[in-house]
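Reading through the structure tokens given below for one structure.
The values are calculated or read from the model by the stated rules, or taken from the named source; none is laboratory data. Please read these numbers as outputs of a predicted model, since none were measured by experiment. Every residue, glycine among them, receives a Cβ derived from its backbone with ideal geometry; neighbour counts consider all protein chains shown. We work out accessible area using only protein heavy atoms, side chains counted, and drop any ligands, DNA or RNA first. Shrake-Rupley method; radii C 1.70, N 1.55, O 1.52, S 1.80 Å.
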Amino acid sequence: QLRQRAATELTQTITASLPPLIAAGWALRGDPGYVIHLIRKVGKATQMVDLVLEPYVWTYWNKDFGWGNRVGDMGILGNPAAGTYLPDDDLPAARELGRRLAWSVKHLDTLPGPTPARTGAAVLDKIRRERLRTGKGIVVTAGGPIPPIDGAPRGDFEPAAGWSRIPDADDLEGATALVTIDQRAAYLASAGMLSFGYGRVRNLLGVDAAAAATSDKPPFGIWRVTLPAAGQYALPEKLPLPHPAMLDDQPVQTWITTISLDGLCAPIADGGMGLDVDDLDITEAWVYEEQGRALDKWAKVLREARAVAAETGDAAMKRFLGACYKGYVGRMVNPDMWTATRMQHHHQPLWRAAIMAHCRWRGRRVAMRIARETGRWPIRTMTDSWVYLVGEGQTLADDSDALGKMVLEKHVELTDEMLLAFAEAETTHEVRLAIAAAHGADHDEEQ
């Protein structure tokens, strides 16, 4: 409804502005809509212009975009809340938008789409067209909807970790700071590393499914498993359970990706659970006959563009790129985004699930390494960030600037009052409140 209203209000503006353009030799391609396509012949050359109507962008409301007074990320136009929105005056705004568009063409080899997710898709489609032309590289031609399964998980197929615990005396001893570490461009890192399934998918039952899981390199797919009760294993008490669907006191039957299959079978020291495939009682699987690093070039383009934005201190484009890869990975799950025939190959919910799982397992592996090296354990995790109480001079972030490595996101020096809040916390809710209060006290520095 908002989009229709925006288009209706724009119609008069469009109509009024067309006559001088037509007089200058421009003609409309197709009907004017949210994008106006113009074409003009100049000698033997043909000029084509797409006019993207900015008010339409405001109508794209989802998790990336705000509502009412709380306007969020608006793709190439920036983020009003983060101070990267276009200047108020028309001429500086046009100049800055022109700069951003040129930057996108130079570093992403494409014009931005109306949303960050659409821009991520445009980058991949440019690579895809090149591969179709040369016959080199993986070309995915169809979507990969979730197969017809019983007992599909509600919500995310591979949910992000969300967990907190009450600190004990060891956690509080010598603690002088509260730090949050985060994986640098986590989704982008995983997207470039992983081998994704595409093409035909096969259903395996019983012994066939179990046999595929025990092969040297299990194929990309999903597996119907029984997660054993965690309480019977010697798992670290100060970490969340290895899989978000797992319970301490009883087994749980669910579906997991191949990434989680590998994670559960990895050694406890590496963040895994040390299981054998037999411990998971696999009864069914859906696996892809073909797999490969379908997003490696896409991740490379975005990674290199991100490096340029970071090196030049271009906050607007760095934020935009973050929104592009997060938005694209986020929208893989939604078929309504990709209803056009030429867009259906972007519907890949299992790719998104694999990326989510990969980020989660990588975080666990890092948490185990930090515990070995410093004796410190996290008190909270959300998605790919981990919150710690640390002592004087203790640093948990990685030196490397590679994607996926842990970077320091927040650092707050603890006051006696903050320490007391952690010491007196009796529930995980109170722990979360104490963390929020500490960050709130440090809010000015954070900005």
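Is the stretch 335-345 home to any residue that is part of a loop (DSSP other than H, G, I, E, B) and closer than 30 Å to Met74 by Cα?
yes
When Val52, Val57, Val42 are checked against the criterion of being aliphatic (A, V, I, L, M), in contact with a helix residue (DSSP H, G or I) (Cβ under 8 Å, 6 or more places away or on another chain) and either more than 19 Å from Gly113 (Cα to Cα) or at pLDDT below 75 (or both), a single residue qualifies: Val57. The number of residues in the stretch 348-374 being open to solvent by 10 Å² or more (accessible area, probe 1.4 Å) and in contact with a Lys or Arg (Cβ under 9 Å, 6 or more places away or on another chain) comes to 3.
If you go through the stretch 138-153 and keep only what is touching a Leu at 6+ places or on another chain (Cβ under 8 Å) and over 22 Å from Leu295 (Cα atoms), you end up with nothing.
The sole residue among Arg224, Arg200 that is open to solvent by 50 Å² or more (accessible area, probe 1.4 Å), outside any loop (DSSP other than H, G, I, E, B), more than 26 Å from Ala425 (Cα to Cα) and not hydroxyl-bearing (Ser, Thr, Tyr) is Arg200. Six or more apart or on different chains, Cβ atoms under 6 Å: show the pairs whose first residue is in the stretch 358-373 and of a type in the set (Phe, Trp, Tyr) and whose second is buried (at least 22 other Cβ atoms within 10 Å of the Cβ). Going by the 6 Å Cβ cut-off, the qualifying pairs are Trp361/Gly263.
Here Pro236 clears all of (1) surrounded by 21 or more Cβ atoms within 10 Å (Cβ to Cβ); (2) in contact (Cβ under 8 Å) with a residue 60 or more places away in the chain except the condition numbered (1).
Among the residues of the stretch 125-155, those that are open to solvent by 60 Å² or more (accessible area, probe 1.4 Å), part of a loop (DSSP other than H, G, I, E, B) and touching a helix residue (DSSP H, G or I) at 6+ places or on another chain (Cβ under 9 Å) comprise Lys136, Thr141, Pro145, Ile146. Any residue at all in the stretch 288-310 that's assigned to a strand (DSSP E or B), among the small types (Gly, Ala, Ser) and within 30 Å of Gly120 (Cα to Cα)? Looking through the stretch 288-310, at least one residue is assigned to a strand (DSSP E or B), among the small types (Gly, Ala, Ser) and within 30 Å of Gly120 (Cα to Cα).
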